[in-house]
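I have placed the structure first, in the form of structure tokens, so that the comments after it can refer back to it.
The values are calculated or read from the model by the stated rules, or taken from the named source; none is laboratory data. Bear in mind the structure is a predicted one, so any value in this text is a computation, not a measurement. Backbone-built Cβ (ideal geometry, glycine too); neighbour counts: all protein chains shown. Areas reflect the complete protein model, heavy atoms only, side chains present, ligands, DNA and RNA absent. Shrake-Rupley method; radii C 1.70, N 1.55, O 1.52, S 1.80 Å.
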Amino acid sequence: MPSLELKLLIWYSTFISYQVMLAEKKDSDEIFAVKSIKKKSTVENGEVKYVFTEKRVSALASGYPFVTTLHSTFQTVVII
């Protein structure tokens, strides 16, 4: 995420170990919400299918009013 500057922690959940942060694109004034999920706890708790279902639903629902648009997804060794 070198093109994004993380600004503020918006939400943190201990149940699935995820957090949502406010981020600003460095070369413009665009604002994004970035959700990161810890891979280890998600796998240990058997929550992987829910993460992929959320991604699929978000992608299909893009463009509908009152639904957040999925811009992109990525993962690292630690974060989904």
Can you name the residue in the stretch 6-30 that is of a type in the set (V, I, T) and under 18 Å from S41 (Cβ atoms) and, of all such residues, is most open to solvent (accessible area, probe 1.4 Å)? T14
Across the stretch 57-68, what is the total count of residues that are surrounded by 11 or more Cβ atoms within 10 Å (Cβ to Cβ) and either touching a Gly at 6+ places or on another chain (Cβ under 9 Å) or not small (G, A, S) (or both)? 4
Within the stretch 31-49, residues being open to solvent by 90 Å² or more (accessible area, probe 1.4 Å), more than 11 Å from the chain's Cα centre (by Cα) and either over 13 Å from I80 (Cα atoms) or in contact (Cβ under 8 Å) with a residue 24 or more places away in the chain (or both) number 3
Would you call F74 on the phi > 0 side of the Ramachandran plot and open to solvent by 60 Å² or more (accessible area, probe 1.4 Å)? no
